[in-house]
Amino acid sequence: MKITIIGTGYVGLVTGACLAEIGNDVFCLDVDQRKIDILNSGGVPIHEPGLQEIIARTRAHGRITFSTDVKASVEHGEVQFIAVGTPPDEDGSADLQYVLEAARNIGRYMNGFKVIVDKSTVPVGTAERVGAAVAAELQARGMAGSASQQFSVVSNPEFLKEGAAVEDFMRPDRIVLGSDDDEMGRLAREKMKRLYAPFNRNHERMLYMDVRSAEFTKYAANAMLATRISFMNEMSNLADRVGADIEAVRRGIGSDPRIGYHFLYAGVGYGGSCFPKDVQALVRTAGENGQRLRILEAVEDVNHEQKEVIVRKIEHTLGHDLAGRTFAIWGLAFKPNTDDMREAPSRRVIAALLSRGATVRAYDPVSLDEARRVFALDLADAPDALARLSFATTQEETLAGADALVILTEWKEFKSPDFLHMKSVLKAPVIFDGRNLYEPETMAELGIDYYAIGRPHVQIDTTNHTAAHERA
Ligand code: NAD
């Protein structure tokens with residue numbers, strides 16, 4: 001099938017590559033010439049496991065094209081996926097300017113029946129606005145109502161996870177499709193059913209519904225996941241106070257099949273391009289419809305505060321004035337296996353340490369370039385702080401002479417480091433672990449002063465080398 005993808009970011013590029021991989025003829029459009037140039041010269045502008053190989057393969061077979069040519073992109077695909085960004089507007093609602101611009105472009109150049117797919121995460125009612133934008137352009141061309149200019153807008157929200165996006169796209173838990181129950185809508189639904197047929201071989205994964213419910217489903221899913229994270233983070237702070245271990249509690253409740261183990265890890269708060277903006281946008285949608293979403297307001301508040309919990313632990317241990325202190329940071333991306341730093345907790349934690357006078361040496365396996373870019377922007381008004389931030393190219397390099405190690409992303413390579421070497425190069429053997437990677441008892445036995453989230457701090461007894469429990 002001939003497919004156009006509008007917006008070649010995390011979602012668009014993965015969607016385009018995976019649809020080309022199964023045999024479709026895919027045209028990827030972006031307005032960002034730099035991205036298109038990288039792709040056309042054989043590179044991939046984002047880090048996503050498995051993506052580079054698929055793009056190389058499908059390019060070699062001529063099944064994927066990257067371009068900034070809007071007219072050619074509209075003429076190419078019978079199915080037009082809109083996968084552009086929907087960042088938060090100033091009031092927290094989703095900014096639809098890129099979605100509506102993509103819709104207008106389709107209306108400007110369309111030359112036959114088009115299925116227009118809202119793949120971006122968009123508020124309930126957006127498909128109608130997309131349809132109206134296309135119709136207005138057709139009207140301006142004097143072509144409204146002509147048989148060759150018919151279209152239908154469907155909602156097909158994306159549930160892939162950055163870091164496992166290719167795997168998620170190829171083996172989805174479900175494919176949600178919202179379509180209208182009219183002639184064009186049914187035609188669009190049939191085309192989408194055919195497009196996704198290869199993903200349904202093993203069992204039916206399509207969930208058909210009306211457009212508004214499909215749009216809502218995406219927000220409700222992200223809101224639920226964000227709620228679980230904030231719930232566990234709030235429980236972890238109470239665990240700290242009452243002397244419980246949040247990891248034991250997690251296993252204790254996760255074993256209940258009604259609860260399950262997923263998304264119950266306490267940490268430094270959620271970040272990324274989706275949860276923060278989608279929770280905000282849903283709260284905003286509710287407000288516009290005369291309702292308050294009090295649970296989600298609390299989810300946001302808890303998450304905002306959670307990003308500073310580790311800073312408070314550092315202050316509690318080392319004092320408020322951190323001038324002269326050096327911190328080694330492991331992990332900058334908002335989660336492992338991605339270079340995405342949108343709303344990454346590391347941005348808040350590092351800014352807080354720098355504002356208290358500290359020097360920071362940071363490492364991340366894939367997001368160093370992106371980190372240099374975002375911190376230069378975040379700290380544009382604080383050149384003195386920016387000058388105290390440097391980046392290392394290995395995790396070991398960060399440690400020499402540092403007062404403490406702070407872990408902010410749970411990359412695999414951080415899970416079992418050489419602790420004895422670490423002790424020998426750190427100025428003091430202290431770890432603040434925002435991802436609960438290690439066991440407090442083991443750390444104490446190794447003589448490492450270990451502070452985690454919602455877990456006991458086991459005091460190192462330096463006189464007889466036994467560990468005595470003591471709350472931080
Ligand atoms: P992104 O910022 O990585 O990519 C968006 C791309 O669209 C950019 O490359 C931008 O240049 C391009 N663009 C903007 N306007 C355009 C236009 N008029 N024509 C062509 N290209 C245009 O965004 P993303 O992370 O891929 O997210 C896209 C959408 O998918 C958002 O609504 C997001 O909420 C949703 N989503 C994201 C994820 C995720 O994990 N990133 C997961 C599910 C859903």
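The values are calculated or read from the model by the stated rules, or taken from the named source; none is laboratory data. Values in this document were obtained by computation on a predicted structure and should not be read as measured data. Every residue, glycine among them, receives a Cβ derived from its backbone with ideal geometry; neighbour counts consider all protein chains shown. All accessible areas refer to the heavy atoms of the entire protein, side chains included, with ligands and DNA or RNA removed. Shrake-Rupley method; radii C 1.70, N 1.55, O 1.52, S 1.80 Å.
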Filter the stretch 16-48 for residues that are farther than 17 Å from Ala83 by Cα and open to solvent by 60 Å² or more (accessible area, probe 1.4 Å); the one that is nearest to the ligand (Cβ to nearest atom) is Arg34
Subset of the stretch 303-320 (residues that are crowded, with 20+ Cβ neighbours inside 10 Å and either without any contact (Cβ under 8 Å) to a residue 40 or more places away in the chain or within 21 Å of Glu90 (Cα to Cα) (or both)) = Asn303
Flagged in the stretch 129-139 as in contact (Cβ under 8 Å) with a residue 12 or more places away in the chain and open to solvent by 10 Å² or more (accessible area, probe 1.4 Å), in numbering order, are Arg129, Gly131, Ala133, Ala135, Ala136, Glu137
Selection within the stretch 121-159 - under 17 Å from Leu177 (Cβ atoms) and either touching a His at 6+ places or on another chain (Cβ under 9 Å) or not in a helix (DSSP H, G or I) (or both) | Thr121, Val122, Val124, Phe151, Ser152, Val153, Val154, Ser155, Asn156, Pro157, Glu158, Phe159
Please find, within the stretch 24-36, the residue that is nearest to Leu195 (Cα to Cα) out of those that are of a type outside the set (Asp, Glu) and in contact with a helix residue (DSSP H, G or I) (Cβ under 8 Å, 6 or more places away or on another chain).
-> Asn24
Positions within the stretch 70-88 being within 11 Å of the ligand (Cβ to nearest atom) and within 25 Å of Gln52 (Cβ to Cβ), in sequence order = Ser73, Phe81, Ile82, Ala83, Val84, Gly85
Subset of the stretch 426-459 [open to solvent by less than 40 Å² (accessible area, probe 1.4 Å) and either β-branched (Val, Ile, Thr) or not assigned by TED's automatic domain parsing to the domain that holds Tyr363 (or both)] | Val430, Ile431, Ile448, Ile453, Val458
Select from the stretch 261-282 the residues that are closer than 19 Å to Glu410 by Cβ, open to solvent by 10 Å² or more (accessible area, probe 1.4 Å) and within 9 Å of the ligand (Cβ to nearest atom) and list them in ascending order.
-> Ser273, Cys274
Residue that is most open to solvent (accessible area, probe 1.4 Å) [pool: residues in the stretch 349-371 that are over 14 Å from Ile329 (Cβ atoms) and outside any loop (DSSP other than H, G, I, E, B)] = Asp369
May I ask you to verify whether Asp339 is among the acidic types (Asp, Glu) and crowded, with 24+ Cβ neighbours inside 10 Å?
-> no
Return the only residue of Asp181, Asp118, Asp173 being of a type in the set (Asp, Glu) and within 12 Å of the ligand (Cβ to nearest atom).
-> Asp118
